[in-house]
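Here's the structure, in structure tokens; my notes come after.
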Amino acid sequence: METIDSRRVLLPVSVATGLSLLGDTAMYTVLPTHYAEVGVALGTIGILLSANRFVRLLLNAPIGLLTDRWPRRRIFVPSTFLGVLSTAIYAIVPGFGLLLAGRLLWGIAWAGIWVSGNAIVLDATMTEDRGRGVGIYQFSFFLGAASGSILGGILTDWLGYRLAMGLAASLSLLGAFVALLILPETKNTRPSMSNSEMIGINTNKQTNWPQLTSATSVYGINRLVVAGVLVATFGLFLNQQLGDIITIGMISIGVATITGVGLGTSTLIAMVAAPSAGAISDKIGSRWAVTGSGLLSGTAGFILLSIGYPFTIFLGLPMISVASGSNQSLSTALFGDLSPPKVHGRRLGILYTVGDLASAIGPPLAYALMPIIGLAVLYQMSAVLFGMMLVLALWWGTRTRTRPPN
């Protein structure tokens, strides 16, 4: 079996993934304000922005199966070019029909990129460094998402919608060529390591279903309460607690600006938390202990958020962000630790289907419950869900260990 250096893999797969996200995340920023220029009705924006998620729900698992059967590059590289095509369609601006086709294509592309990309990272890492490797890949995801939102808004105001999307497509094309020309095939390879590190490695290890189910629960709850509930309701909660305009000294700031800054900062915090949590879990030899620490932060963060004072809101939000980045990174790393390499793709497909489903049902569930119980109670319920996952993580942490500490 051929050996491979993880550094040869992490750079191109991370660059290609991060750049592929620019067009998609820019759409979330600019479409609600430039729908007339795009040639669509206001009432169709929700359909356009959510269409790709429904595609992923159907395709994550089949693409995971294909990722296990075919060379990883055969899924990942064409998916990056398909992502370029979807972003180029955004720039054409012909109206609802073609734009919807672009969003559906992006759903196919992202399912291929995300499932096969994570499988590639798991191929290129071992238990000793998997937390760091997965964390770096998650860092590229958060960085690409944040960059697309920020650059999309700035470039649209500066150059106009079509040129901004054309530039995003060009940068995505650059990432696709990086994957095509530099990314090595990782299937049926093993990470390069010293002989002492290879002792005890079993590529045919049996799946630990109870732990996998627990890791899936952590990931699903994380997507439900953060990507589903919090992101969809945070602006409204600020408006209810602080009003439309917040005055600090002589400066008046709109609640939309504070919402954007708060959620943008949260993304940056999660971006740092993902690789940090992974590296710490490698160092101490326990994924679950670090997962528990992140969940403790998230539980406390939601409780503080629900209190509703400005100080508690902006103290609780970064604590939730730490949990978000940690959970997303460590759940994926646990899947790599607990599954044989030959089924990484299909297992990841199931994991991300659960995550996409949770994030999709989060907003309608939150808005259905909000008139009945209010947002403060909804955030307290989110704290309870994180608390339940904390108990689960502590239970596994006392009974398992990835390996002896470094």
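The values are calculated or read from the model by the stated rules, or taken from the named source; none is laboratory data. Nothing here was measured: the structure is a model prediction, and the numbers come from that model. Neighbour counts run over all protein chains shown; Cβ positions are idealised from the backbone, glycine included.
What the table below lists for this structure:
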item: Within segment 1-30, tally of residues that are over 21 Å from the mean Cα position of the chain (by Cα) and hydrophobic (A, V, I, L, M, F, W, C); result: 2
item: Of all residues making up segment 83-99, the number that are buried (at least 19 other Cβ atoms within 10 Å of the Cβ) and without any contact (Cβ under 8 Å) to a residue 60 or more places away in the chain; result: 1
item: I150 in the same structural domain as R74 (by TED's automatic domain parsing), without any contact (Cβ under 8 Å) to a residue 24 or more places away in the chain, surrounded by fewer than 19 Cβ atoms within 10 Å (Cβ to Cβ) and not acidic (D, E); result: no
item: Candidate set: segment 328-359, residues that are β-branched (V, I, T) and surrounded by 21 or more Cβ atoms within 10 Å (Cβ to Cβ); chosen: the one farthest from I108 (Cα to Cα); result: T332
item: Residues (surrounded by 15 or more Cβ atoms within 10 Å (Cβ to Cβ), β-branched (V, I, T) and either without any contact (Cβ under 8 Å) to a residue 24 or more places away in the chain or out of contact with any Lys or Arg (no Cβ under 7 Å at 6 or more places or on another chain) (or both)) located in segment 161-190; result: V178, T189
item: Long-range neighbours under 6 Å by Cβ, at least six apart or interchain, first residue farther than 21 Å from V218 by Cα within segment 359-380, second of a type in the set (F, W, Y); result: L375/F237
item: Selection count where residues are at pLDDT 95 or above and β-branched (V, I, T), scope segment 343-371; result: 3
item: Number of positions in segment 191-226 that are surrounded by 15 or more Cβ atoms within 10 Å (Cβ to Cβ) and modelled with pLDDT of 90 or more; result: 15
item: Among the residues listed as W106, W158, W114, W110, the single one being out of contact with any Cys (no Cβ under 7 Å at 6 or more places or on another chain), surrounded by fewer than 22 Cβ atoms within 10 Å (Cβ to Cβ) and either modelled with pLDDT under 95 or not in a loop (DSSP other than H, G, I, E, B) (or both); result: W158
item: Residue match in segment 386-404 (condition: surrounded by 21 or more Cβ atoms within 10 Å (Cβ to Cβ) and not in a helix (DSSP H, G or I)); result: yes
item: Selection count where residues are among the hydrophobic types (A, V, I, L, M, F, W, C), in contact (Cβ under 8 Å) with a residue 40 or more places away in the chain and in contact with a Leu (Cβ under 7 Å, 6 or more places away or on another chain), scope segment 308-338; result: 6
item: Residues satisfying the stated conditions in segment 3-33, i.e. buried (at least 18 other Cβ atoms within 10 Å of the Cβ) and over 23 Å from L181 (Cβ atoms); result: D24, T25, A26, M27, T29, V30, L31
item: Filter result (in a helix (DSSP H, G or I) and crowded, with 20+ Cβ neighbours inside 10 Å) within segment 34-47; result: V38
item: Residues that are of a type outside the set (A, V, I, L, M, F, W, C) and either more than 14 Å from the chain's Cα centre (by Cα) or surrounded by fewer than 24 Cβ atoms within 10 Å (Cβ to Cβ) (or both), drawn from segment 318-327; result: P318
item: Qualifying position, being within 20 Å of N60 (Cα to Cα) and aromatic (F, W, Y), among F302, F311, F335; result: F335
item: Condition met for F302 (aromatic (F, W, Y), out of contact with any Gly (no Cβ under 9 Å at 6 or more places or on another chain), in a helix (DSSP H, G or I) and assigned by TED's automatic domain parsing to the domain that holds A273); result: no
item: Residue match in segment 56-71 (condition: outside any helix (DSSP H, G or I), within 20 Å of A91 (Cα to Cα) and in contact (Cβ under 8 Å) with a residue 24 or more places away in the chain); result: no
